[in-house]
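I have placed the structure first, in the form of C-alpha cells, so that the comments after it can refer back to it.
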Amino acid sequence: MYASTVRGLLVRGMLAGLIAGLSAFAVAYVVGEPPVRGSIAVEEAAAAQEAAPATATGAHAGHGGDTAPDGAAEEEEELVSRPVQSTLGLATGVLVYGVALGGIASLAFSFALGRVGGFSPRATAALTGAGAFALVYLVPFLKYPATPPAVGNPDTIGQRTTLFFLMILLSVLLGVGAIILGRRLAPRLGNWNATLAAAGGFVVATALAFLVLPDNSDAVQPGFPAALLWEFRIASLAVQLVLWTVFAVVFGALAQKLLATRTDNTAATAQQQAPALG
C-alpha cells in the first residue's frame, strides 16, 4: 500500500510540476525575455565597437582594395535562432525542469508527511514547496545571483557553474541538517524553541558558507547596465517563485485528494473485514 501511495504521489508531483512549468514559462516569456534581449543587444553593440577599429586598421593596411580587411570574419550562423530559443526552446527547458523538480519534491513530500509535525497533506505540500524554493534557488541566488547570457567572462563559465551547483548542494544539505537538528532538540526545548534553534543554526552555517566560497568576480563585465541586470534578476526570481507556488498549490490539492481517498478505502476495507458483533 505504501509503495502504491508513493507512486501515486510521484505521478501527481510530476503533473503538478508540468502545470507549474507552464505557468513559469508564461512569466519567463513575458517578464524574462525583454532583459535577455536587452543584454544580447548590449553584447552586440560592444562587439560592433570592438570590431570597428580593427576593420578600419585593416582597410588602411590593405593594398589595391581587392583584399579583405584584416580581422574581418563572417558571422557564425546560429544553430538555433533567437525566436526558437525564446519560445520552443524556453518552453522545453522550463517544462522539463518543472516535471523533474516536481517529481523530486513529491518524494521529499512523501518523506516529510507526518515526520515534521501533524500537518495536513495540503499544508505539508506548502511547506515542501517553500522549503524547495528557499534551499534550491533563493539561498544560492543570494550568493550567486542570476546573470543574463553573454554578460560574464566566457572563460570562467565552467567555474561559475560549478560554484553555483556547489552552493545548491550545500544549501540542501544544511537544510536537511537543520530539520534533523530541530527534531532532536524538540523533546528538550519544545517545538517552537527547537525550530528557532535549528533555523538559527542554518543561518549561521549558510553565512559561513558564503564567506568561504569565492565570489563570482567575472559574472558581470564592467560597464553592463545595472538596471538591466537587476531587471533580469528580479524576473528570474519571479519565475522560480511562480513555479514553486503553483506547484505547492496544485500538488497540495492532488495529494490531499489522493490520501483522503486512500484513507477512506482503508477504513472501509477494515470495517468489512472486522468480525460482526452478535
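Out of the residues in the range 148-170 that are in a helix (DSSP H, G or I) and β-branched (Val, Ile, Thr), state the one that is modelled with the highest pLDDT. Checking each candidate, the answer is Ile168.
Of all residues in the range 18-40, those that are within 15 Å of Ile234 (Cβ to Cβ) and surrounded by 16 or more Cβ atoms within 10 Å (Cβ to Cβ) total 10. Ile157 satisfies every condition listed in (1) over 30 Å from Pro222 (Cα atoms); (2) open to solvent by 30 Å² or more (accessible area, probe 1.4 Å) except (1).
Restricting attention to the range 204-234, the residues that are open to solvent by less than 70 Å² (accessible area, probe 1.4 Å) and not in a helix (DSSP H, G or I) add up to 8.
The criterion of at least 3 residues that are open to solvent by 20 Å² or more (accessible area, probe 1.4 Å) and among the charged types (D, E, K, R) is met by none of the helices (runs of 4 or more DSSP H) falling completely within the range 88-147.
The values are calculated or read from the model by the stated rules, or taken from the named source; none is laboratory data. None of these values were measured; they are calculated from a predicted model. For neighbour counting, all protein chains shown are included, and Cβ atoms are generated from backbone atoms with ideal geometry for every residue, glycine included. Accessible surface areas use protein heavy atoms only, side chains included; no ligands, DNA or RNA. Shrake-Rupley method; radii C 1.70, N 1.55, O 1.52, S 1.80 Å.
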